[in-house]
Amino acid sequence: MSSHRRRFLAAAGAVLGAAGFARAGIADPDVRRLRILVGFPPGGSADVVARLLADRLRVDGDSAWVENRSGAGGRIGLDVLKPAPADGRTFIVTPASAIVVYPHVYRKLTYDALRDFVPITSVCRFQFALSVGPAVPPSVRTFDDFARWCRANPAQALCASPAPGSMAHFTGTLVARALGIDLGIVQYKGGAPAITELVGGHMPASINVISEALPHRDGGRLRILATTGTTRSPLLPDVPTFKELGHRELEVHEWFGAFAPAGTPPDVVARTNAAIRDAAKSDGMAAALGKLGFEPAGEPQPAFVRIVKAEFERWAPIVKSSGFSPDD
């Protein structure tokens, strides 16, 4: 097990162990057990967020539990959600990539992201960081420095991505456009292997969730050049955003969102929306999310529907122009 994964699991265990929050729940006497699906294994970020949420949604006499149906980058969890009863008792917590990016990547996707599910609300969001490691000279301290280095060393102009076909992957495509070069995007199965290659000097650069890069930056083993947020991350107040550097197209946020099966009654969706938003923005859960590098989110259901559709449309041409073709 990598040192980063040990640190993440330790932090996750700490926030879950401390999550004895005051209960908040869905005001529906018929809802006795809430089933929260997660398309990833226990201990991962999606799982931890779902378990924090489950704790907040429990009410006296009722319960909420997390069911892990992992595989295929989160797609299996959505396959399980699709035929679930549309009674408001089952929903999924899933990353944005599975909803707004995968439909443009996989030709044989078994779900229709915009028809088979009802968007409820986002739970939290996070931004990415572009980092360079010891394979790049210490004089490279800014994004402009990196651009110059890449142009002078085209054979070495490579960037690690934590998951093929993900939002982080295609953020790398946007970075290449901003650099104005043919930046090779090298795919890894997870953020930890990508970071390991970066700090080991085997990859010049990497795009990761901020929380994955931060411990190594603090240890001096990598330099974070820019982040993809709308504003600077509170975890990196001295690091500029790409937006600040004039690259508005690199304003990117991944989020974990809640979705129900199509046909779930609007009044049930509205109540679930209110309960999740209250939970995500409560002091206890907000603090727990912050320890993991996530920002609490949540918006009214109609607003989240608009966000999903806008992101779906945004990533379509980016994926197409990348020329990426998955193995499956």
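Odds and ends about this structure:
- Pair list, Cβ < 7 Å and 6+ apart or interchain, from region 273-288 residues that are of a type in the set (Ser, Thr, Tyr) to residues that are not in a helix (DSSP H, G or I): Ser282/Phe21; Ser282/Ala24
- Subset of region 52-78 (residues that are charged (D, E, K, R) and either surrounded by fewer than 21 Cβ atoms within 10 Å (Cβ to Cβ) or not in a helix (DSSP H, G or I) (or both)): Asp55, Arg58, Asp60, Asp62, Glu67, Arg69, Arg75
- Subset of region 288-302 (residues that are in a strand (DSSP E or B) and over 25 Å from Val268 (Cβ atoms)): Glu295
- Residues of region 79-93 satisfying the condition of being over 24 Å from Arg277 (Cβ atoms), touching a strand residue (DSSP E or B) at 6+ places or on another chain (Cβ under 9 Å) and open to solvent by 50 Å² or more (accessible area, probe 1.4 Å): Lys82, Pro83
- Verdict on Ala286 being buried (at least 21 other Cβ atoms within 10 Å of the Cβ) and not polar (S, T, N, Q): no
- Exactly one residue among Gly172, Gly133 is small (Gly, Ala, Ser), open to solvent by less than 10 Å² (accessible area, probe 1.4 Å) and out of contact with any Asp or Glu (no Cβ under 9 Å at 6 or more places or on another chain), and that residue is Gly172.
- Subset of region 223-258 that is among the charged types (D, E, K, R) and in a loop (DSSP other than H, G, I, E, B) - its residue that is surrounded by the fewest Cβ atoms within 10 Å (Cβ to Cβ): Asp238
- Residue selected from region 157-169 under the condition open to solvent by 30 Å² or more (accessible area, probe 1.4 Å) and either touching a Gly at 6+ places or on another chain (Cβ under 8 Å) or modelled with pLDDT of 95 or more (or both), by the criterion farthest from Ile318 (Cα to Cα): Leu158
- Ser206 part of a strand (DSSP E or B) and open to solvent by less than 30 Å² (accessible area, probe 1.4 Å): yes
- Subset of region 272-328 that is of a type in the set (Asp, Glu) and at pLDDT below 95 - its residue that is nearest to the chain's Cα centre (by Cα): Glu295
- Output for region 164-195, where each listed residue is over 22 Å from Leu245 (Cβ atoms) and in contact with a Lys or Arg (Cβ under 7 Å, 6 or more places away or on another chain): Ala192
- Residue match in region 175-197 (condition: part of a helix (DSSP H, G or I), within 19 Å of Val252 (Cα to Cα) and without any contact (Cβ under 8 Å) to a residue 60 or more places away in the chain): yes
The values are calculated or read from the model by the stated rules, or taken from the named source; none is laboratory data. The model shown is predicted, which means the values in this text are computed figures rather than measured ones. Note that each Cβ is placed from the backbone with ideal geometry, even for glycine, and that neighbours are counted across all protein chains shown. Ligands, DNA and RNA are stripped out before the accessible areas are found, and what is left, the full protein with its side chains, is counted by its heavy atoms. Shrake-Rupley method; radii C 1.70, N 1.55, O 1.52, S 1.80 Å.
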